[in-house]
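The values are calculated or read from the model by the stated rules, or taken from the named source; none is laboratory data. The model shown is predicted, which means the values in this text are computed figures rather than measured ones. Cβ coordinates were reconstructed from backbone atoms using ideal geometry, including for glycine residues, and neighbour counts include every protein chain displayed. The area values use the complete protein model at the heavy-atom level, side chains included, leaving out ligands, DNA and RNA. Shrake-Rupley method; radii C 1.70, N 1.55, O 1.52, S 1.80 Å.
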Amino acid sequence: MDAIERVVEQWAVEKPELDTQPMAMLGRLLRVSKHLETQVAETHKEYDLKLGEFDVLATLRRSGKPYNLTPSELIDSMMLTSGAMTNRLDKLEKKGLIERSHSKEDRRSVFVKLTKDGLVLIDEMMGKHVDVQTQLVESLSASQKKQLNQLLTVWLAQFES
């Protein structure tokens with residue numbers, strides 16, 4: 001019996017009319033999420049990066065050459081506020097992993113671009129990042145992974161459609 005099942009059993013005694021299945025599902029999902037986040041954060045910590053900083057570098061890298069986007073494009077891709085994005089960009093710029101430049105056509109437009117060091121770092125990190133993710137789901141069979149991914153896709157659409 002896991003900790004969530006004990007909670008469900010306690011509520012079944014105290015308030016038997018409650019449907020605790022959603023409570024159990026969300027409780028487990030949140031606990032799994034914390035474990036996943038902790039493990040992934042450990043990997044990023046080895047590179048002196050936080051999850052949000054990694055996300056910026058990965059977003060720039062997957063955008064393809066010349067690995068540059070506007071802050072607005074980064075914000076849209078990552079669902080952040082402009083203040084949170086500015087903070088991340090400042091930290092990454094201080095580390096020499098990105099650079100910001102003004103557009104030659106419109107000085108008000110700014111572009112964020114991976115530096116050579118940023119490109120080397122994110123390329124190195126991605127292999128390890130994916131390895132960690134693979135290890136985190138290794139207890140699931142191939143069919144369970146597929147089924148879970150399909151269920152999460154449907155559930156996420158409830159919030160993001």
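Numbers below:
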| item | result |
| --- | --- |
| Verdict on residue 117 being over 30 Å from residue 2 (Cα atoms), open to solvent by 60 Å² or more (accessible area, probe 1.4 Å), without any contact (Cβ under 8 Å) to a residue 40 or more places away in the chain and not in a loop (DSSP other than H, G, I, E, B) | yes |
| Test set (1) in a loop (DSSP other than H, G, I, E, B); (2) open to solvent by 90 Å² or more (accessible area, probe 1.4 Å) - residue 147 fails condition number | (1) |
| The stretch 59-83: number of residues that are of a type in the set (Gly, Ala, Ser) and either within 10 Å of residue 114 (Cα to Cα) or outside any helix (DSSP H, G or I) (or both) | 2 |
| Count of the stretch 6-26 residues which are farther than 17 Å from residue 151 by Cβ and either surrounded by 13 or more Cβ atoms within 10 Å (Cβ to Cβ) or under 24 Å from the mean Cα position of the chain (by Cα) (or both) | 5 |
| Tabulated pairs, the stretch 4-15, first touching a residue at least 12 places away in the same chain (Cβ under 8 Å) and within 18 Å of residue 29 (Cα to Cα), second open to solvent by less than 100 Å² (accessible area, probe 1.4 Å) and not polar (S, T, N, Q), C-beta under 6 angstrom, 6+ apart or interchain | 4/24; 4/27; 4/28; 8/24 |
| Filter result (over 19 Å from the mean Cα position of the chain (by Cα) and in contact (Cβ under 8 Å) with a residue 12 or more places away in the chain) within the stretch 68-96 | 68, 70, 95, 96 |
